[in-house]
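A short reminder: the numbers here are calculations on the coordinates, not readings from a lab. These numbers come from a predicted model, not from an experiment. For neighbour counting, all protein chains shown are included, and Cβ atoms are generated from backbone atoms with ideal geometry for every residue, glycine included.
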Amino acid sequence: MIFIYICTFAFFPMNRFNTYLYSTLLILLFSLISCKEDKKPIKKETAVAIDTFPHILPNLEKQKKLVPNYVAENRRKIDLFYKKYWDKNNVSGGLLVAKDGQIIFERYSGYSNFDTKKEIDINTPIHLASVSKRITAAAIMILVNAKKLELDQKVTTVLPTFPYPEVTVRTLLNHRSGLKNYAYFFDDTKIWDHSKQVTNQDILDEFIKNNVPLDFSTDRRFAYCNTNYAMLALIIEKVTGLTYREAMKKIIFKPLKMDHTFVIDYATEYKNQSQSYKGNYRKHELNHLETVYGDKNIYSTPRDLLKFQQAVASKDYLTPDLVDEVFKGYSYEKRGTRNYGLGIRMMEWNDGKQLFYHNGWWHGNTTSYVDLRDENVIIIALSNKYTTMTYKSFLLATLFGDYPLKLKKDELGF
């Protein structure tokens, strides 16, 4: 453009018409330069979440069908177990057992709201309590698989104000960070006004403000701690540029068609969802820790969790190396049967047999998620009225594999 302007000036002498022509060309020149500058890309301050979860669930019609006699016999035994532990103890919730994605046993009882007598059914979401950690960990692993994060990445590289430089994503996942449990820290009314809800960001801010030390040096030992997963939720938000609630929906719930699963918004949704009850049927009071998420606050159903389990058991979920990272124990300072992987508890025996599970408790909600990887069996027990019977569900593992569980005589009820 500049070349054209110079040539025009050289070959055409100055007069009234040419002066007008030169002025027009000059204006056009600067306009084009300005437009070019305006087209520079605008840098976005936050990342955009990428849905990397497999969209296609295993095709049950193509899977080998379970033999009818096998289903009938196991259903009969589980029914006896159900009558012994659930019926006799008036459990309010749901129990589902499936193999190869096919439901062998499913039953619901009780009420999501004992005042209105709204019955619990296949579509009733129940608070998962700490089983939520299994799903939070899955979201983190999806981001690692997509190379948005690294397992051994320092948390400070994602959350710059995080005051513990040695803590990594991995040590949050496997509970070896050394962080103090926020639930105990915020019990002190001198630190926090209990009339106000604590948020995940509040936890980080108050730990910084009060210069809260680690309980022990990072990666020295295992200590189950809800703070780890509250921080993982903040990491999910930072990496995706979405709220935890939105990110979990986009990354996991929507692609897997978990239509009755969500992160609860207590301000607008709680009164219309499954309520939480004590063992004596009294409604559990809420407290100042309700709104912290990542460690809890996912509501779901047994059928939706079956969809989730099918996805995380599929070959498309993670690379084989990352799958190995999830399902290995990290804490062998004290040898024993129990250990913890990345978002999953485990029992492991000297013969190499492993049983993977995660339990949960929050107020009256007690939950259990048992993953028998060798047999491709999932056992899911959810209750919204306090009971320890949900935790008995892992005993059903002995129906499907040679698990060296120490059972009392007739403990299974058959």
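Structure values in brief
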| read-out | value |
| --- | --- |
| Per residue, the convex hull volume that the Cα atoms of the chain enclose (Å³) | 232 |
| Highest-first arrangement of 86-99, 215-228, 370-383, where packing means the average Cβ count within 10 Å | 370-383, 86-99, 215-228 |
| The chain: relative contact order in percent, alpha carbon pairs under 8 Å with at least 6 residues between | 23 |
| Label-to-label distance, nm, for residues given as R76 and K147 (7 Å Cα→Cβ offset) | 5.5 |
| Calculated FRET efficiency for the pair K257/D115, C-beta based, R₀ 51 Å, to 0.05 | 0.95 |
| Cα-projected label distance for R221 with K408, points at 7 Å along beta-carbon direction, nm | 3.0 |
| CD proxy at 222 nm, helix term only [per DSSP H run n ≥ 4: -39500 (n - 2.57); per residue of the chain; nearest 500] | -8500 deg cm²/dmol |
| Assigned charges on the beta-carbon of Lys, Arg, Asp, Glu; the chain dipole about Cα centre (debye) | 540 |
| Of K99/K334; K257/K409; K257/K392; K117/K180, pairs whose Cα-Cα distance is over 31 Å | K99/K334; K257/K409; K117/K180 |
| Charge dipole (debye, nearest 20) of segment 68-112; +1 at Cβ of Lys and Arg, -1 at Cβ of Asp and Glu | 180 |
| Cross-link partners of K249 among aspartates and glutamates (Cα-Cα below 15 Å; sequence separation of 8 or more within a chain) | D51, E237, D259, D265, D304 |
